[in-house]
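Notes follow the structure.
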Amino acid sequence: MSQARGSAIVATTLLLSCCEISDATNYTVGGDDGWNFKVHDWPTGKKFHTHDTLVFKYNNGQDNVVVVDENGYTTCTIGDQVLIRK
């Protein structure tokens, strides 16, 4: 009897973990207007979770997205090991 109960607990835990992953949300950074200079207000009121996706809408050839580390962000600089999406 206890083995069946243990199996039920494991199955329930797996089911709940799958539900959490399926609740992932895609966020377009800046909202419907996409990337703009007033994007710093955009996250207000949002709660981000693991597995959420940030989508950047921008004019290809005019703008780009640069992936930086914390130091690059705080100093507004890019290093040699940088990822640029054009």
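The values are calculated or read from the model by the stated rules, or taken from the named source; none is laboratory data. Nothing here was measured: the structure is a model prediction, and the numbers come from that model. No Cβ is skipped: glycine too gets one built from the backbone with ideal geometry, and neighbour counts run over all protein chains shown.
Under 6 Å between Cβ atoms, at least 6 apart or on separate chains: pull out the pairs that start in the range 23-47 with a residue that is closer than 18 Å to residue 60 by Cα and without any contact (Cβ under 8 Å) to a residue 60 or more places away in the chain and end on any residue that is of a type outside the set (D, E, K, R) and part of a helix (DSSP H, G or I).
Once the first residue is closer than 18 Å to residue 60 by Cα and without any contact (Cβ under 8 Å) to a residue 60 or more places away in the chain and sits in the range 23-47, its partners that are of a type outside the set (D, E, K, R) and part of a helix (DSSP H, G or I) give 30/39.
If you take the residues in the range 41-63 that are acidic (Asp, Glu) and over 14 Å from residue 84 (Cα atoms), which one is modelled with the highest pLDDT?
This residue is 52.
When you scan the range 46-78, how many residues do you find that are closer than 17 Å to residue 24 by Cα and either part of a loop (DSSP other than H, G, I, E, B) or among the charged types (D, E, K, R) (or both)?
Residues in the range 46-78 being closer than 17 Å to residue 24 by Cα and either part of a loop (DSSP other than H, G, I, E, B) or among the charged types (D, E, K, R) (or both): 8 in total.
In this structure, does residue 64 turn out to be surrounded by 10 or more Cβ atoms within 10 Å (Cβ to Cβ), touching a Phe, Trp or Tyr at 6+ places or on another chain (Cβ under 8 Å) and of a type in the set (S, T, N, Q)?
yes
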